[in-house]
Amino acid sequence: HSVAPEYRQAFARQMDLVSRLTTPIDGEHEPRLLPGKYYSFITFDDGFQDAVENAVPELVSRKIYATFFLTVDALGKPADWWPVTDPERNRSLATAEQLRLTPREWIRFGAHTMTHPRLSSLAEADARYEILEPRNRLESLLGCEIRSLSFPYGDFNDNVVRWSREAGYERAFTTQHQKAFEHPKPFLVGRVKAEPPDWRL
(Lines give C-alpha, C1' and ligand atoms only; values in the text may rest on other atoms or scores of the structure.)
Protein backbone atom coordinates (compact mmCIF):
# COMPACT_ATOMS: atom_id res chain seq x y z
CA HIS A 1 0.00 0.00 0.00
CA SER A 2 1.77 3.08 1.32
CA VAL A 3 5.54 3.63 1.52
CA ALA A 4 6.11 6.65 3.76
CA PRO A 5 9.43 8.52 3.42
CA GLU A 6 10.72 7.13 6.71
CA TYR A 7 10.27 3.60 5.35
CA ARG A 8 11.95 4.12 1.99
CA GLN A 9 15.24 2.53 3.05
CA ALA A 10 13.44 -0.40 4.69
CA PHE A 11 11.55 -0.94 1.43
CA ALA A 12 14.82 -0.74 -0.51
CA ARG A 13 16.33 -3.43 1.72
CA GLN A 14 13.28 -5.61 1.09
CA MET A 15 13.73 -5.22 -2.66
CA ASP A 16 17.42 -6.14 -2.31
CA LEU A 17 16.31 -9.32 -0.57
CA VAL A 18 13.69 -9.99 -3.26
CA SER A 19 16.32 -9.57 -5.97
CA ARG A 20 18.78 -11.82 -4.18
CA LEU A 21 16.38 -14.68 -3.42
CA THR A 22 14.03 -14.55 -6.43
CA THR A 23 13.71 -13.51 -10.05
CA PRO A 24 11.29 -10.54 -10.20
CA ILE A 25 8.84 -10.88 -13.10
CA ASP A 26 6.30 -8.75 -14.91
CA GLY A 27 3.05 -10.34 -13.76
CA GLU A 28 1.00 -8.37 -16.26
CA HIS A 29 2.11 -10.80 -18.95
CA GLU A 30 2.15 -14.57 -19.04
CA PRO A 31 5.43 -15.43 -17.28
CA ARG A 32 7.77 -18.15 -18.46
CA LEU A 33 8.57 -19.99 -15.26
CA LEU A 34 11.26 -22.64 -14.96
CA PRO A 35 11.12 -25.48 -12.42
CA GLY A 36 13.35 -25.14 -9.40
CA LYS A 37 13.50 -21.33 -9.48
CA TYR A 38 11.79 -18.78 -7.25
CA TYR A 39 9.93 -15.82 -8.75
CA SER A 40 8.33 -12.69 -7.32
CA PHE A 41 5.87 -10.08 -8.52
CA ILE A 42 5.42 -6.79 -6.65
CA THR A 43 2.01 -5.07 -6.43
CA PHE A 44 0.60 -2.03 -4.63
CA ASP A 45 -3.09 -1.51 -3.91
CA ASP A 46 -4.84 1.89 -3.82
CA GLY A 47 -2.12 3.95 -5.56
CA PHE A 48 -0.69 6.04 -2.73
CA GLN A 49 1.34 9.09 -3.70
CA ASP A 50 4.11 8.19 -1.26
CA ALA A 51 4.46 4.75 -2.87
CA VAL A 52 4.96 6.41 -6.24
CA GLU A 53 7.48 8.87 -4.78
CA ASN A 54 9.43 6.45 -2.58
CA ALA A 55 8.95 2.93 -3.95
CA VAL A 56 9.10 3.56 -7.69
CA PRO A 57 12.69 4.96 -7.75
CA GLU A 58 13.91 1.99 -5.69
CA LEU A 59 12.12 -0.47 -7.98
CA VAL A 60 13.41 1.13 -11.17
CA SER A 61 17.01 1.31 -9.92
CA ARG A 62 16.86 -2.45 -9.31
CA LYS A 63 14.97 -3.19 -12.54
CA ILE A 64 12.01 -4.69 -10.67
CA TYR A 65 8.58 -4.63 -12.28
CA ALA A 66 5.55 -3.59 -10.23
CA THR A 67 1.85 -3.03 -10.79
CA PHE A 68 -0.15 -0.32 -9.03
CA PHE A 69 -3.84 -1.11 -8.63
CA LEU A 70 -5.64 2.24 -8.64
CA THR A 71 -8.83 3.40 -6.93
CA VAL A 72 -10.00 5.78 -9.62
CA ASP A 73 -12.41 8.16 -7.88
CA ALA A 74 -9.86 8.78 -5.11
CA LEU A 75 -6.88 9.75 -7.29
CA GLY A 76 -5.33 12.85 -5.73
CA LYS A 77 -7.52 12.48 -2.60
CA PRO A 78 -7.09 10.93 0.87
CA ALA A 79 -7.83 7.21 1.25
CA ASP A 80 -10.83 7.66 3.58
CA TRP A 81 -11.83 3.99 3.53
CA TRP A 82 -8.90 3.19 5.84
CA PRO A 83 -9.67 2.96 9.59
CA VAL A 84 -9.38 6.25 11.47
CA THR A 85 -6.55 4.77 13.55
CA ASP A 86 -4.36 4.04 10.51
CA PRO A 87 -2.00 6.73 9.15
CA GLU A 88 -2.94 5.75 5.58
CA ARG A 89 -6.37 7.34 6.07
CA ASN A 90 -4.77 10.80 5.91
CA ARG A 91 -2.41 10.03 3.03
CA SER A 92 -3.37 10.97 -0.50
CA LEU A 93 -3.38 8.82 -3.58
CA ALA A 94 -1.27 9.85 -6.55
CA THR A 95 -2.76 12.12 -9.19
CA ALA A 96 -3.24 11.01 -12.78
CA GLU A 97 -0.42 13.34 -13.80
CA GLN A 98 2.01 11.75 -11.32
CA LEU A 99 1.05 8.30 -12.59
CA ARG A 100 1.56 9.34 -16.21
CA LEU A 101 5.14 10.37 -15.36
CA THR A 102 6.13 6.97 -13.94
CA PRO A 103 8.58 4.90 -16.05
CA ARG A 104 6.30 2.60 -18.06
CA GLU A 105 9.11 0.18 -18.79
CA TRP A 106 8.88 -1.05 -15.18
CA ILE A 107 5.59 0.25 -13.75
CA ARG A 108 2.20 -1.11 -14.80
CA PHE A 109 -1.32 -0.16 -13.77
CA GLY A 110 -4.39 -2.17 -12.88
CA ALA A 111 -7.88 -1.39 -11.60
CA HIS A 112 -8.87 -1.35 -7.92
CA THR A 113 -12.52 -0.29 -8.50
CA MET A 114 -13.92 3.25 -8.53
CA THR A 115 -14.60 3.80 -4.80
CA HIS A 116 -13.02 0.82 -2.96
CA PRO A 117 -16.22 -1.02 -1.88
CA ARG A 118 -16.69 -4.60 -0.76
CA LEU A 119 -17.77 -5.96 -4.12
CA SER A 120 -19.63 -8.99 -2.81
CA SER A 121 -22.00 -6.75 -0.82
CA LEU A 122 -23.15 -4.68 -3.83
CA ALA A 123 -26.13 -5.15 -6.10
CA GLU A 124 -25.14 -6.60 -9.46
CA ALA A 125 -25.44 -3.32 -11.39
CA ASP A 126 -23.31 -1.45 -8.85
CA ALA A 127 -20.69 -4.19 -8.70
CA ARG A 128 -20.43 -4.35 -12.48
CA TYR A 129 -19.94 -0.57 -12.58
CA GLU A 130 -17.19 -0.71 -9.93
CA ILE A 131 -15.47 -3.47 -11.90
CA LEU A 132 -15.79 -2.23 -15.48
CA GLU A 133 -15.73 1.57 -15.21
CA PRO A 134 -12.21 1.91 -13.74
CA ARG A 135 -10.81 -0.01 -16.69
CA ASN A 136 -12.41 2.43 -19.14
CA ARG A 137 -11.46 5.47 -17.08
CA LEU A 138 -7.84 4.46 -16.50
CA GLU A 139 -7.22 3.60 -20.14
CA SER A 140 -8.41 7.10 -21.03
CA LEU A 141 -6.51 8.85 -18.21
CA LEU A 142 -3.22 7.00 -18.56
CA GLY A 143 -3.20 5.93 -22.21
CA CYS A 144 -2.39 2.30 -21.50
CA GLU A 145 -4.21 -1.01 -21.57
CA ILE A 146 -5.64 -2.13 -18.21
CA ARG A 147 -5.47 -5.91 -18.05
CA SER A 148 -5.84 -6.74 -14.36
CA LEU A 149 -8.02 -6.04 -11.35
CA SER A 150 -7.40 -6.25 -7.61
CA PHE A 151 -10.35 -6.83 -5.27
CA PRO A 152 -10.62 -4.27 -2.43
CA TYR A 153 -10.23 -5.89 0.99
CA GLY A 154 -9.57 -9.15 -0.87
CA ASP A 155 -13.36 -9.49 -0.99
CA PHE A 156 -15.00 -11.49 -3.80
CA ASN A 157 -17.40 -14.30 -4.54
CA ASP A 158 -18.27 -16.39 -7.61
CA ASN A 159 -20.40 -13.62 -9.12
CA VAL A 160 -17.66 -11.02 -8.68
CA VAL A 161 -15.19 -13.33 -10.42
CA ARG A 162 -17.63 -13.95 -13.28
CA TRP A 163 -18.38 -10.24 -13.73
CA SER A 164 -14.65 -9.49 -13.74
CA ARG A 165 -14.09 -12.01 -16.52
CA GLU A 166 -17.01 -10.56 -18.47
CA ALA A 167 -15.52 -7.07 -18.06
CA GLY A 168 -12.52 -8.26 -20.08
CA TYR A 169 -9.84 -8.51 -17.43
CA GLU A 170 -7.16 -11.12 -18.05
CA ARG A 171 -6.35 -11.60 -14.37
CA ALA A 172 -7.75 -10.76 -10.93
CA PHE A 173 -5.62 -10.50 -7.79
CA THR A 174 -6.81 -11.61 -4.37
CA THR A 175 -5.32 -11.59 -0.88
CA GLN A 176 -5.44 -15.36 -0.59
CA HIS A 177 -2.15 -16.97 0.43
CA GLN A 178 -1.56 -19.40 -2.40
CA LYS A 179 1.10 -20.08 -4.99
CA ALA A 180 0.77 -17.74 -7.93
CA PHE A 181 0.87 -19.11 -11.48
CA GLU A 182 0.75 -22.68 -10.22
CA HIS A 183 -1.53 -23.48 -13.16
CA PRO A 184 -1.24 -22.22 -16.76
CA LYS A 185 -2.99 -18.90 -17.42
CA PRO A 186 -4.72 -18.53 -14.03
CA PHE A 187 -7.46 -15.91 -13.71
CA LEU A 188 -7.31 -15.59 -9.90
CA VAL A 189 -3.86 -14.93 -8.48
CA GLY A 190 -3.13 -14.98 -4.75
CA ARG A 191 -0.77 -12.64 -2.94
CA VAL A 192 0.99 -12.27 0.40
CA LYS A 193 0.82 -8.86 2.06
CA ALA A 194 4.10 -7.23 3.10
CA GLU A 195 4.81 -3.78 4.51
CA PRO A 196 8.18 -1.96 4.72
CA PRO A 197 8.47 -2.29 8.54
CA ASP A 198 7.87 -6.06 8.42
CA TRP A 199 10.59 -8.40 9.67
CA ARG A 200 12.79 -9.19 6.68
CA LEU A 201 12.04 -12.93 6.65
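The values are calculated or read from the model by the stated rules, or taken from the named source; none is laboratory data. This one's a predicted model, so the numbers in the text were calculated from it and none came from an experiment. Positions of Cβ are backbone-derived with ideal geometry, glycine not excepted, and every protein chain shown enters the neighbour counts. These area figures cover heavy atoms from the full protein model, side chains too; ligands, DNA and RNA do not enter into them. Shrake-Rupley method; radii C 1.70, N 1.55, O 1.52, S 1.80 Å.
Here ALA96 meets each of (1) in contact with a Leu (Cβ under 6 Å, 6 or more places away or on another chain); (2) open to solvent by less than 10 Å² (accessible area, probe 1.4 Å); (3) not polar (S, T, N, Q) with one exception, condition (2).
The residue that is surrounded by the fewest Cβ atoms within 10 Å (Cβ to Cβ), among those in segment 57-86 that are acidic (Asp, Glu) and farther than 24 Å from GLN9 by Cα, is ASP80. Among the residues of segment 73-88, some residue qualifies, meaning at least one is within 22 Å of GLU139 (Cβ to Cβ), basic (Lys, Arg) and part of a loop (DSSP other than H, G, I, E, B).
Residues of segment 53-72 that are within 16 Å of the chain's Cα centre (by Cα) and in a loop (DSSP other than H, G, I, E, B): ILE64, TYR65, THR71.
So for segment 159-167 (the condition being outside any helix (DSSP H, G or I), among the acidic types (Asp, Glu) and surrounded by fewer than 19 Cβ atoms within 10 Å (Cβ to Cβ)), does at least one residue qualify? Checked segment 159-167: no residue is outside any helix (DSSP H, G or I), among the acidic types (Asp, Glu) and surrounded by fewer than 19 Cβ atoms within 10 Å (Cβ to Cβ).
Among the residues making up segment 1-52, those that are touching a helix residue (DSSP H, G or I) at 6+ places or on another chain (Cβ under 8 Å), assigned to a helix (DSSP H, G or I) and not small (Gly, Ala, Ser) are PRO5, TYR7, ARG8, PHE11, MET15, GLN49, ASP50, VAL52. Set side by side, the residues ASN90, ASN54 differ, and just one is farther than 17 Å from TYR153 by Cα, open to solvent by less than 70 Å² (accessible area, probe 1.4 Å) and polar (S, T, N, Q), which is ASN54. Scanning segment 1-18 for residues that are open to solvent by less than 80 Å² (accessible area, probe 1.4 Å) and over 19 Å from the mean Cα position of the chain (by Cα) yields ALA10, ASP16, LEU17. Looking across segment 105-136 at every residue that is among the charged types (D, E, K, R) and closer than 16 Å to SER148 by Cα, the one that is most open to solvent (accessible area, probe 1.4 Å) is identified as ARG128.
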